[in-house]
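Student: Take a look at this one; I'll ask things after.
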Amino acid sequence: MSVWRVKPVSAFEADMKKNDLKRVLTKWGLTSLGIGAIIGGGIFTLTGIAAHDYAGPALALAFVIAGIGCLFASLCYAEFASVLPVEGSAYAYAYGTVGELFAWFIGWNLILEYMMGATTVAVAWSGYFVKLLHLFGIEFPIWLCNDMATATEKSAELGIVAPSFAFNLPAFLITWVVTAILVKGIKEAAKTNNIIVVVKIAVVLFVIIVGAFYVNTDNWTPFIPAEEPIKDTLGNLTGGVKFGFGGVLTAATIVFFAYIGFDAVSTQAGEAINPKKDVPFAIIASLIICTVLYILVSLVLTGMVKYDQLDKAAPVASAFSGIGINWAVFIITIAATAGLTSVMLVMMLGQTRIFLGMAKDGLMPAFFKVLHPVFKTPYKSTILVGGLISLVAAFTPIDKVSEMCSMGTLLAFAMVCVAVMILRYKKPELERPYKTPAVYLVGSLGVAFNIFLMTQVRAATWNFFMIWGVLGVIVYFLYGKRNSNLEKQGIE
């Protein structure tokens, strides 16, 4: 069947030669982009949700579990990046190995992953920005910095009348600021990211070193709180559990979102100076560096204050304010606000490059591959993506969008692990500057690990994910299959 046709490796090589993007990213520039995407929403925001509601002090264990799953996937990503160093990430890898429909489905879910990821970070940025203004005595009205559901919830906590309308203005505006930077060009975006990454790492090290002096080991007891059933606001059982080992696994699916930065590195191959060597290095280096930092930060935070006292929206800042170090709250809040900006930048950068790769193959309209005559960026799709993300961020709660992002990521990682094994079997003669060690073992463990974590996601998230998947298959048969370059070339 033509839906399983694969894109020849020679076609990828031709795409590399015809590449009109500016190749300006070095090995460390790519690594910086990866760190820029990884350190952000996960460490400054989702740690609070995961520790408070699901894992308790075992948050560090949740990061270890998620990190192991990512490690298997990152080793497979690295081999693909050395063989097929083109924009498109897992989508391109699947197209060259498993088949067109499979590749489309991966690309479709990567679109969801990056859109929900950038949206999550925009909402988190808004929370830190409002907190920053509060530190300087400037108060934002609840209805102008939250979605409707969150504004209603906060109004109930404060004992005030809920607003009849709510719009997250800071999230809306920051999305357009990042969009403008991305339209201007990758070089400017990378420079902005590098500056922010230095600030973020400095603050993360500050949190670890200073916070370590205030750790109370009693806060780690019990390390894994007793398992409890999850109930809705009416007291009805929802079928899930919090705490216990089941809660730790659920927390791992939540913080998994924090790791997708290394996936974003692979989308920048078209702008790397030496992609076959530098992209694999950046993928693995950024993952290892950030995993170590995550584990240390999670241990410090849950040691400084009891896990149930961490603020869900700003856990790092709340940990320091909880022990009376209010001057540190200023530093952390400023760094988090800047750091989340760089995460958004890389997320939106990745999404537009996925669109670009699919459009070059004819699976998406030509609109998505139009480059700016001066900046050489896909400016039309960047503006469209910015518009969609700004609206979703303005009206949607953070917990809903973050789980959808994790679902798309987990599936993409599992599929890359499958595809790298298929390519090694079908095309053993290809030049591989980097080879995944024990590829069939690592690939199999990667598939099993990521699929298992998908089973731990809430049922409501699965329902939305299935709807998105069905919609994607419909779009493929109505547009993608008919307009595919391979279809026009008569390749079966």
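The values are calculated or read from the model by the stated rules, or taken from the named source; none is laboratory data. Remember, it's a predicted structure, so these values are computed and weren't measured experimentally. Cβ placement follows ideal geometry from the backbone for every residue including glycine, while neighbour counts extend to all protein chains displayed.
Student: List, please: which pairs have Cβ atoms under 8 Å, are six or more places apart or on different chains, and start with a residue in segment 115-140 that is within 18 Å of PHE330 (Cβ to Cβ) and end with one that is among the acidic types (Asp, Glu)?
Tutor: Matching pairs, first to second residue: LEU133/GLU139.
Student: Which of the residues that make up segment 268-292 are among the hydrophobic types (A, V, I, L, M, F, W, C), touching a helix residue (DSSP H, G or I) at 6+ places or on another chain (Cβ under 7 Å) and over 25 Å from VAL207 (Cβ atoms)?
Tutor: Within segment 268-292, ALA269, ALA272, VAL279, PHE281, ILE283 meet the criteria.
Student: Can you tell me which residues in segment 125-142 are under 18 Å from the mean Cα position of the chain (by Cα) and either β-branched (Val, Ile, Thr) or closer than 12 Å to MET347 by Cβ (or both)?
Tutor: If the condition is that a residue be under 18 Å from the mean Cα position of the chain (by Cα) and either β-branched (Val, Ile, Thr) or closer than 12 Å to MET347 by Cβ (or both), then TRP125 is the only one that fits.
Student: Anything in segment 200-220 that is charged (D, E, K, R) and either touching a strand residue (DSSP E or B) at 6+ places or on another chain (Cβ under 8 Å) or surrounded by 17 or more Cβ atoms within 10 Å (Cβ to Cβ) (or both)? List them, or say none. Working first, answer last.
Tutor: Taking segment 200-220 and keeping what is charged (D, E, K, R), we get 200, 218.
Result: LYS200, single match.
Student: Mind checking whether some residue in segment 361-383 is surrounded by 15 or more Cβ atoms within 10 Å (Cβ to Cβ), acidic (Asp, Glu) and in contact with a Ser or Thr (Cβ under 9 Å, 6 or more places away or on another chain)?
Tutor: Looking through segment 361-383, at least one residue is surrounded by 15 or more Cβ atoms within 10 Å (Cβ to Cβ), acidic (Asp, Glu) and in contact with a Ser or Thr (Cβ under 9 Å, 6 or more places away or on another chain).
Student: Separate question: Please identify the pairs in which a residue from segment 436-449 that is touching a residue at least 60 places away in the same chain (Cβ under 8 Å) has its Cβ atom under 6 Å from the Cβ atom of a residue that is part of a helix (DSSP H, G or I) and of a type in the set (Asp, Glu), counting only partners at least 6 apart or on another chain.
Tutor: Between residues of segment 436-449 that are touching a residue at least 60 places away in the same chain (Cβ under 8 Å) and residues that are part of a helix (DSSP H, G or I) and of a type in the set (Asp, Glu), the close pairs are THR436/GLU79.
Student: At pLDDT below 80 and either under 18 Å from the mean Cα position of the chain (by Cα) or charged (D, E, K, R) (or both): is that true of ALA272 in this structure?
Tutor: No.
Student: While we're on this one: From the list ILE332, ILE295, ILE354, exactly one residue is surrounded by fewer than 23 Cβ atoms within 10 Å (Cβ to Cβ) and touching a helix residue (DSSP H, G or I) at 6+ places or on another chain (Cβ under 8 Å). Which is it?
Tutor: Going through ILE332, ILE295, ILE354 in turn, just one is surrounded by fewer than 23 Cβ atoms within 10 Å (Cβ to Cβ) and touching a helix residue (DSSP H, G or I) at 6+ places or on another chain (Cβ under 8 Å): ILE295.
Student: Tell me the residue from VAL457, VAL470 that is within 30 Å of MET148 (Cα to Cα), in a loop (DSSP other than H, G, I, E, B) and hydrophobic (A, V, I, L, M, F, W, C), please.
Tutor: On the way: VAL470 fails: in a loop (DSSP other than H, G, I, E, B).
Selected residue: VAL457, the only one of VAL457, VAL470 that is within 30 Å of MET148 (Cα to Cα), in a loop (DSSP other than H, G, I, E, B) and hydrophobic (A, V, I, L, M, F, W, C).
Student: I've got another one for you. Listed residues ILE111, ILE49; which is at pLDDT 80 or above, within 26 Å of LEU345 (Cβ to Cβ) and either crowded, with 24+ Cβ neighbours inside 10 Å or of a type outside the set (Lys, Arg) (or both)?
Tutor: When all the criteria are applied, what remains is ILE111.
Student: Would you mind finding the one in ALA162, ALA73, ALA166, ALA122 that is part of a helix (DSSP H, G or I) and farther than 22 Å from GLY446 by Cα? So that I can check it myself, show each step before the final result.
Tutor: On the way: ALA162 fails: part of a helix (DSSP H, G or I); ALA73 fails: farther than 22 Å from GLY446 by Cα; ALA166 fails: part of a helix (DSSP H, G or I).
Going through ALA162, ALA73, ALA166, ALA122 in turn, the sole match is ALA122.
Student: Any idea how many residues of segment 398-434 are over 25 Å from the mean Cα position of the chain (by Cα) and surrounded by fewer than 22 Cβ atoms within 10 Å (Cβ to Cβ)?
Tutor: Quick first cut of segment 398-434, residues over 25 Å from the mean Cα position of the chain (by Cα) only: 422-433.
Now drop any that are not surrounded by fewer than 22 Cβ atoms within 10 Å (Cβ to Cβ), which leaves 422, 424-433.
Of the residues in that region, 11 qualify.
Student: Another question about this same structure. What single numbered condition from (1) surrounded by fewer than 21 Cβ atoms within 10 Å (Cβ to Cβ); (2) under 18 Å from the mean Cα position of the chain (by Cα) fails to hold for ASN326?
Tutor: Unmet condition: (2).
Student: Restricting to segment 406-443, name every residue that is over 16 Å from VAL98 (Cβ atoms) and among the small types (Gly, Ala, Ser).
Tutor: Hits for segment 406-443 are SER406, GLY408, ALA438.
Student: When you go through (1) farther than 22 Å from PRO315 by Cβ; (2) surrounded by fewer than 17 Cβ atoms within 10 Å (Cβ to Cβ); (3) among the hydrophobic types (A, V, I, L, M, F, W, C); (4) modelled with pLDDT of 85 or more one by one for PHE223, which number turns out not to apply?
Tutor: Going through (1) farther than 22 Å from PRO315 by Cβ; (2) surrounded by fewer than 17 Cβ atoms within 10 Å (Cβ to Cβ); (3) among the hydrophobic types (A, V, I, L, M, F, W, C); (4) modelled with pLDDT of 85 or more one by one, PHE223 breaks only (1).
Student: Assuming ALA162 fulfils every condition listed in (1) surrounded by fewer than 23 Cβ atoms within 10 Å (Cβ to Cβ); (2) of a type in the set (Gly, Ala, Ser); (3) under 26 Å from ILE43 (Cα atoms) apart from one, which condition is it?
Tutor: (3)
Student: Would you please list the contacts, defined by Cβ atoms under 7 Å and residues six or more apart or on different chains, that run from a residue in segment 367-389 that is farther than 26 Å from ALA171 by Cβ and touching a residue at least 40 places away in the same chain (Cβ under 8 Å) to a residue that is of a type in the set (S, T, N, Q) and surrounded by 23 or more Cβ atoms within 10 Å (Cβ to Cβ)?
Tutor: Final answer for the pair search is LEU371/THR377.
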